[in-house]
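Worksheet: the structure to be examined is printed underneath.
The values are calculated or read from the model by the stated rules, or taken from the named source; none is laboratory data. All values reported here derive from a predicted model rather than from experimental measurement. Because the Cβ atoms are built from the backbone with ideal geometry, glycine has one as well, and the counts that use them run over all protein chains shown.
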Amino acid sequence: MNLRLAALAVRRVAPWWLALALALVGVLAASSAASSLPAASALARQGVWSVLALLATLTFVPRAAGLAARFSSLEFGWVGAQPLSRARWFATCLAGSLAAALAVCALAATLAESSARFDGASLREVGLAGVAERGVLDLRESVRWSVEAEAGETLRVELSCVNIEPTAEVEWRARRGGEQRRVRATISRPQALELAVPAGVGPVELELERTSGGALVVLSGERMQRLVPCGSSRSASLALACHALLAWSALMALALGLAPWIGTRLAAALALVVPLAAWLAGSAFADDISPTGALVRALEVAGRGLVPALPSLAEVACAAACSAVGCVLFVRGLGRERGGA
Amino acid sequence: MASLELRIRTHIDLAQLVAPRDLGARELSLEIFAQPAAARRVEHQRDGARAPAIEEGHHGREDSAPAQHLPSGGALRQTLATMDPSESLPVIDVRGLVRSYRRGFWGRAHVALHGLDLAIASGECVGLIGPNGSGKSTLLRVLAAIDEPDSGQVRVFGADPDARATRLATGFCPEDSPYPTELRARDVLALLGSLRRMEHAACERRAAELLERVGLAHVARERLGRFSRGMLRRFCIAAALLHEPKLLLLDEPTAGLDAQGFAAIESLLDEARARGTTLLVSSHLLSDLHQRCERLVALVDGRIVAQGDAHTLAASLGVAARLELCFEGLDADSIAELRRVAQARGARLVGVQPAQSNLVELYRRGAAARRP
C-alpha cells in the first residue's frame, strides 16, 4: 500500500470542517450529561454515537465517491500513467478512507464515553436467537420454543402490550434437563424480560405464558438476545466502533466503485439508498444483508444499557462482499473513457 | 552588417494534403531553420529488431492484429536495463492503431486515429505536428497507457503500454496539468516518486533539483492550485522527468511557457536526450520541434500525412511556394531595401518581427550573468 496515496485519500475524504462538527457535538454532549445513572449514560452514549455515525456517513460516502470520480476523470492523466495496479489503487483509497473513519471512531468513542458517566458492570450481547412464531399471548395461553444457549448466559426478550386493560402478568420459564428457571413480571409498557439459562447440555426449552390481567401481551421483534456479564459498559463504544468501521468500509467501497460509472452524486445516493431501504424494510433479514443493519442494531442495544456484540461473521462477510463489488466496479470503471467508442 | 542567420518559414496549407475533405482554415505553420545540425536525419528502421519474444508475458488484448508474445515483468525490466540507446530497436511500434471517442448526447463515435502506423527507434527524438484535433494527444495518451486503442497493435519497449515495467520506463507530460491541486508541488513529486518506488532520499534530491531547474524552487511549498498555467506546465515536465524515464512523451510541452521557461525545458530535454532518452513531442507549433527533432510526423485528422526531417517534410509536401525569410542584424534601411527588392520581383514582405529564440537567448545570457 502506498502511504502517500492513502494520505491523499484521507485528506479528501475527511474534510477539516468535520473535525469542527465533531468538536461541537463533543461540547454539547459533555455539557448535557450530568447523570451517572446507567440508563442516562446509555442514552448519552447512544446519542453521541448516533449523531456522529449519521454525520460521518453523510460525509464519508459522498466524499469517497468524489475521490474515485476525480481519479477517474479529471486526474486520470496522472493516475492512468502510474505503475500501481487498479486493485491496489482501490485498496489504497479504501484504506485511506477507512483511516479517516478510524480517526472519527476514536473521537466518537472518546466523546461518547466522556458524556456517559456510568462505567459499572453490564451485560454484553453474544448473539441472537429466534423467538416463537406466534407472538401474541391471550389469557392462559402460552408460547413455546427452544434455543441453543450456554450455561451462564442470560436470555433477554422484548415484550410490549396492547392496553385493553392496564396490565398483564406474564411468566417466562426456561427448562434444560432437570433444571428450570423462571421469571415473573407485570407488563404495562414495552419492556424486557431477562432469564438466566439453566445449567446442563442440549437445547433450552422456553415457555412464555400470560398468567393474568387484561392486556394483550406481544412478543416484539423476531429475535431475542443472548447476554453474558461484562466488566464495564464502556466496552460498548469499542463494539460500536467496529460496527461503524465495517458499515463505512462497505458503503465507501460501493461509492468508490460506482463513482467512475455514474459520477459522484449518483454514486453517493445509490450507496446510501441501500442501507436506507434495508432500514425501512425493518426485517431481520434486511438488517442482515444491509451494510449498516448491524450498526443500527448495535446503536439500539447500546441505548438499552447493554454492550453490543462484536461484528458477526455474516456482517464481516457482507462488508467484504461490498468491498469486492466496489473493487471490481472501480477496476473496470476507472478511466472508463479510455476504452473508446 | 552583422552576421546573418537565414531562416525560411514555409506555410503549408494542409487542405492540399487531405483532399477532397475541406479543412477550412486549418493551416500548419512550418519553420525550417537552415542550419546544418538540424538537417541530419536518423534513418529509421521500420521493421527493425524487436525485443525478444517471451511466452509468459503474453497480454490478451483483443485487437485485429495477430497475437504476439510480449515480454513483461522481469523479462521486460531486463530488456530495458540492457537496452543500448544506439540500437535501432523500435521503442515505439504502432501498427494499424484506431482510436475513437463518443461525442455528444447520442454518443456519436468520432474516430481520432485512423489505422496509424508509426515506429520510433531508441534514442530518437520525434516531433508530432498537426492542427488541433488531429490526434496528437490521443496518440500520446495511448502510448502512455492512459487511453486504450480500439484496434491495432501498440508496443512500447516491445510490450503492452499497460505493462508495469513499461509504465515505469515511460514519462508522460499531459497537455493540461491533471495533478492534485490541493497538494504542494514537492508533495506531488514525492507522491509520484513513491508510486514509482523511488528511494525517498533520491526522490527528494531529484525533485528539488528539477524544481530548481524549471524555476519552481521558490514555490515548492505552494499548492498547485495557486500555480499559473505556465508554472503548471513547468511542473508537469518536472513530474515527467522525475524518474528519469527511458521514453518521454510530451504533449505540447511549451504551451503557455515564457521564454525563460522555454529555455529551462530545452536544457532539461537536452540532458534527457544525452542520457539516451527517446522523445516523442507533440506541438502545433513547428518552431518548438524543428531544432530538437530528427524526424517530424505530420498528423491530420488522425492520419499521418507526411514524415521526415524538416527539409524532407517540406519537400515531400511540395509546399515551398510561400516563404518567409528571417534575418538577424538588419536595420530599418535594410528592411526597406528588402521590401523594395521583393516588390520588384513580384513578391511581398508579409511582416517583420523578432524571433522567439532571441528572447530565449536573452534570458539564458541573463541567467548566466547572475550565476556566481
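Is one or more of the residues making up region B:265-280 in contact with an Asp or Glu (Cβ under 9 Å, 6 or more places away or on another chain), in contact (Cβ under 8 Å) with a residue 24 or more places away in the chain, among the hydroxyl-bearing types (Ser, Thr, Tyr) and not in a strand (DSSP E or B)? Within region B:265-280, one or more residues are in contact with an Asp or Glu (Cβ under 9 Å, 6 or more places away or on another chain), in contact (Cβ under 8 Å) with a residue 24 or more places away in the chain, among the hydroxyl-bearing types (Ser, Thr, Tyr) and not in a strand (DSSP E or B).
Looking at B:Ser287, is it at pLDDT below 75, under 21 Å from the mean Cα position of the chain (by Cα), more than 30 Å from B:Asp160 (Cβ to Cβ) and surrounded by fewer than 20 Cβ atoms within 10 Å (Cβ to Cβ)? The answer is yes for B:Ser287. Just one of the listed residues (A:Val157, A:Val204) is touching a residue at least 12 places away in the same chain (Cβ under 8 Å) and farther than 20 Å from A:Val301 by Cα, namely A:Val204.
Of all residues in region A:199-220, how many are within 20 Å of A:Thr167 (Cα to Cα) and not charged (D, E, K, R)? First the steps, then the outcome.
Going residue by residue through region A:199-220, those that are within 20 Å of A:Thr167 (Cα to Cα) are A:207-220.
From what is left, the residues that are not charged (D, E, K, R) are A:208, A:211-220.
The total comes to 11.
For region B:216-231, the criterion of being within 19 Å of B:Arg141 (Cα to Cα), touching a strand residue (DSSP E or B) at 6+ places or on another chain (Cβ under 9 Å) and either in a loop (DSSP other than H, G, I, E, B) or basic (Lys, Arg) (or both) is satisfied by no residue at all. A residue that is in contact with an Asp or Glu (Cβ under 9 Å, 6 or more places away or on another chain) and more than 12 Å from chain A (Cβ to nearest Cβ) can be found somewhere in region B:108-116.
Quick check: is even one residue across region A:269-283 surrounded by fewer than 24 Cβ atoms within 10 Å (Cβ to Cβ) and outside any helix (DSSP H, G or I)? Taking every residue of region A:269-283 in turn, at least one turns out to be surrounded by fewer than 24 Cβ atoms within 10 Å (Cβ to Cβ) and outside any helix (DSSP H, G or I).
Of the residues A:Ala44, A:Ala81, which is over 21 Å from A:Leu251 (Cα atoms) and in contact with a strand residue (DSSP E or B) (Cβ under 7 Å, 6 or more places away or on another chain)? Steps first, please.
On the way: A:Ala44 fails: in contact with a strand residue (DSSP E or B) (Cβ under 7 Å, 6 or more places away or on another chain).
None of the others qualify; the one that does is A:Ala81.
Taking the conditions (1) out of contact with any helix residue (DSSP H, G or I) (no Cβ under 8 Å at 6 or more places or on another chain); (2) under 30 Å from B:Pro90 (Cβ atoms); (3) more than 14 Å from every other protein chain (Cβ to nearest Cβ) in turn, B:Ser228 satisfies each one other than (2).
State yes or no: is A:Ser72 more than 21 Å from A:Val296 (Cα to Cα) and surrounded by fewer than 18 Cβ atoms within 10 Å (Cβ to Cβ)? Don't jump to the end; show me each part of the working.
On the way: more than 21 Å from A:Val296 (Cα to Cα): yes; surrounded by fewer than 18 Cβ atoms within 10 Å (Cβ to Cβ): no.
The answer is no for A:Ser72.
At least 3 residues that are in contact (Cβ under 8 Å) with a residue 60 or more places away in the chain and more than 14 Å from chain B (Cβ to nearest Cβ) in each: list the helices (runs of 4 or more DSSP H) lying fully within region A:1-93 that qualify.
Hits in region A:1-93: A:16-32, A:38-72.
Of all residues in region A:287-305, count the ones that are over 13 Å from the mean Cα position of the chain (by Cα) and without any contact (Cβ under 8 Å) to a residue 24 or more places away in the chain. So the count comes out to 0.
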